[in-house]
1. Given the structure, is Phe109 outside any helix (DSSP H, G or I), of a type in the set (Phe, Trp, Tyr), within 24 Å of Asp38 (Cα to Cα) and open to solvent by 30 Å² or more (accessible area, probe 1.4 Å)?
2. With the structure loaded, tell me whether Tyr83 is free of Cβ contacts under 8 Å to residues at least 24 places away in the same chain, farther than 17 Å from Val136 by Cβ and either open to solvent by less than 70 Å² (accessible area, probe 1.4 Å) or part of a strand (DSSP E or B) (or both) or whether it fails that test.
3. How about the stretch 52-76: which of its residues are touching a Leu at 6+ places or on another chain (Cβ under 6 Å) and modelled with pLDDT under 90?
4. Please determine, by comparing only the residues of the stretch 17-41 that are under 23 Å from Gly123 (Cβ atoms) and at pLDDT 95 or above, which one is surrounded by the fewest Cβ atoms within 10 Å (Cβ to Cβ).
Amino acid sequence: MKKGLVVFAVLLSSGSVFASFGEGDILKEVWTCKGKSDSVVDSVTVTVDRVKNTVLGGLYDGTMTGSEIGLRKGSDLYKLEGYVAPGHDNREYSVQLVQSRRDDFDYGFETKVKGQAVVVFQGFIDCIGDVGGAEVLSCDVELERK
């Protein structure tokens, strides 16, 4: 009896009992992020496909353009980059997606969780000059699980 408890305790500590509920359980994440009313960046929407290891995203900046600015994968799935240059103006964006509660992503059974998008921007606006800053947007994240 004691031997069985020891084996079970070892399995629990190694995580192998719960391996089927780890990160491999999440197939896709859809991030919908909103800025505050006075933000430079209105919103960010990103789909992270963990199966294909790809991201597809867009950013709306109410001050530079009314059109969606495409975001491409940066150094990893959760870091994206974008660029807009209407006329003589330009602005570069770096977006880092931050999971608020890692356990919801790894071991939870929830299909909707919270996160944040940290948006860093820099560029040049005619008649103003160099611009730059950072904003934190609140995100709702829908998880598609196996």
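The values are calculated or read from the model by the stated rules, or taken from the named source; none is laboratory data. Bear in mind the structure is a predicted one, so any value in this text is a computation, not a measurement. Positions of Cβ are backbone-derived with ideal geometry, glycine not excepted, and every protein chain shown enters the neighbour counts. When the accessible area is computed, the model is the full protein with side chains, heavy atoms only, and any ligands, DNA or RNA have been set aside. Shrake-Rupley method; radii C 1.70, N 1.55, O 1.52, S 1.80 Å.
1. Judged against the criteria, Phe109 is not a match.
2. When the stated conditions are applied, Tyr83 passes them.
3. Across the stretch 52-76, the qualifying residue is only Gly74.
4. The selected residue is Lys34.
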